[in-house]
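None of the figures in this text is laboratory data; all of them are computed from the coordinates on show. Here the structure is a predicted model, which is why all the values come from computation and not from measurement. Neighbour counts run over all protein chains shown; Cβ positions are idealised from the backbone, glycine included.
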Amino acid sequence: MPLKIAVHEKEKGIFVVAPSGEIDTETYKIFEKEVGVILARATAIIFEFKDMCYISSMGLGAIFRIKQAMEQKNGTIMLVNIQPNIQKVFEVMKILPDNMFASLEEADEYLDSFLDGVQKGQINPKPPKSTS
Amino acid sequence: MSATQALEDRLVTRLEFIPGFLLKVEKFLEQFQLSQEILFQTKLALEEALTNAMRHGNKLNPSLFVHVRLAADKDRITIEVKDQGEGFDFMHVEDPTTIANIDKPSGRGVFLMKNLMDSVEFLENGCFVRMIKTFDRA
């Protein structure tokens with residue numbers, strides 16, 4: 001199934017990325033490229049996954065890299081409305097348990113708290129791991 | 001439905017051929033009226049096996065092939081994937097979920113295969129993998 005991605009800026013620096021279809025061995029590149037376009041301007045990225053029906057390990061890797069890139073500049077990502085089969089994949093891989101939310105409302109609550117923490121200096125950028 | 005039915009193919013080592021084969025598999029499995037969960041997990045494990053065979057086994061060499069066979073009967077799906085590479089140390093694949101490995105890309109495919117299928121067996125020095133998914137009809 002082809003991948004379509006809708007991106008819009010909800011408010012300044014807060015982007016909603018809504019993939020529709022499958023993020024697999026081929027389409028993960030499209031996904032990563034589309035998110036790459038907004039990365040520099042994003043403080044937070046909300047991934048609306050209600051129309052994402054499949055993800056492979058390459059897609060998981062892309063999401064993880066995006067998360068790392070955002071954390072390195074004091075940003076965050078949120079994953080919303082994940083379909084049950086895909087939720088299980090995230091749970092098996094133990095990826096991003098703290099970044100998953102059942103609804104946009106829950107994600108918004110977390111986001112308010114996160115941005116408040118950044119403003120107060122309670123949340124700091126995470127440096128990249130040493131590869132040595 | 002009691003007889004085993006099988007879908008078999010020989011794929012050129014090009015990653016872009018994987019989605020087309022997975023579509024064939026989805027259509028093939030429609031007749032077995034499986035749950036969405038079983039279909040999803042089978043498809044994902046198969047994609048991971050094919051990607052690994054092409055990327056790591058055959059080193060993305062398009063002159064090499066990946067042989068794949070998927071057989072299904074009343075209570076199980078058996079998938080066999082064979083590459084033409086030199087094999088790998090399948091006994092020592094790192095756990096990608098540990099803190100030390102969480103950001104490493106390698107190991108996720110095999111890990112998913114082992115956690116989504118009921119049995120995963122590597123043979124022929126790692127060039128051949130057999131995976132089985134058992135089920136009750138939906």
Given (1) surrounded by 20 or more Cβ atoms within 10 Å (Cβ to Cβ); (2) at the interface with chain B (Cβ under 10 Å from one of its Cβ atoms); (3) in a loop (DSSP other than H, G, I, E, B), identify the lone condition not met by residue A:2. (1)
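Does residue B:37 satisfy being among the acidic types (Asp, Glu), without any contact (Cβ under 8 Å) to a residue 12 or more places away in the chain and within 12 Å of chain A (Cβ to nearest Cβ)?
yes
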Note: among A:87, A:83, A:68, just one is touching a residue at least 40 places away in the same chain (Cβ under 8 Å) and under 26 Å from residue B:98 (Cα atoms), namely A:68
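Yes or no: segment A:102-109 includes at least one residue that is under 24 Å from residue B:115 (Cβ atoms) and in contact with a Leu (Cβ under 8 Å, 6 or more places away or on another chain).
no
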Of the residues A:44, A:40, A:69, which is in contact with a helix residue (DSSP H, G or I) (Cβ under 8 Å, 6 or more places away or on another chain), more than 19 Å from residue B:20 (Cα to Cα), surrounded by fewer than 21 Cβ atoms within 10 Å (Cβ to Cβ) and among the hydrophobic types (A, V, I, L, M, F, W, C)? A:69
When the residues of segment B:7-31 are filtered to those that are under 16 Å from residue B:77 (Cβ atoms) and outside any helix (DSSP H, G or I), which remaining residue is farthest from the other protein chains (Cβ to nearest Cβ)? B:8
Total residues in segment B:1-25, condition farther than 23 Å from residue B:110 by Cβ and free of Cβ contacts under 8 Å to residues at least 24 places away in the same chain: 3
